[in-house]
Amino acid sequence: MKTTFIKLSVLVLLFTLMGAGCEKDEKFEKNVLSAEGLVFNSGELSLDGCGWQILINDVIYSPVKLDVKFQKDDLKVNVEYRVLSTKKKCAFSTQYPQIEIIKISNK
């Protein structure tokens, strides 16, 4: 009887822990922003540019990774993104906040 109780207790504990891992991380989701943006090429890094950037709400961001199919100058996009704590350093000590693109599509 005691062995059955211990086995049952362990089983209940395992199911409880498994269920806890399935919850959504609301803090993580709250950091995702959505906006319209304008993709543009500010020039090659070797020529004092900063590469591909996105203008969102009058702020210039440097995406960590921008899919090749969206690397078109003056391309209007809808973008879901997360602002990172890092900045991209460009020519003349210019720094732009970096973003992680969650989802992007043509406008």
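So the values come out like this:
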{"quantity": "For region 31-107, alpha-carbon Rg relative to the globular expectation (2.2 N^0.38 Å, N residues)", "calculated": "1.01"}
{"quantity": "Interchain or long-range residues, amide H under 5 Å from T94's placed H", "calculated": "none"}
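Rule-based calculations on the coordinates, nothing more; no lab input. These numbers come from a predicted model, not from an experiment.
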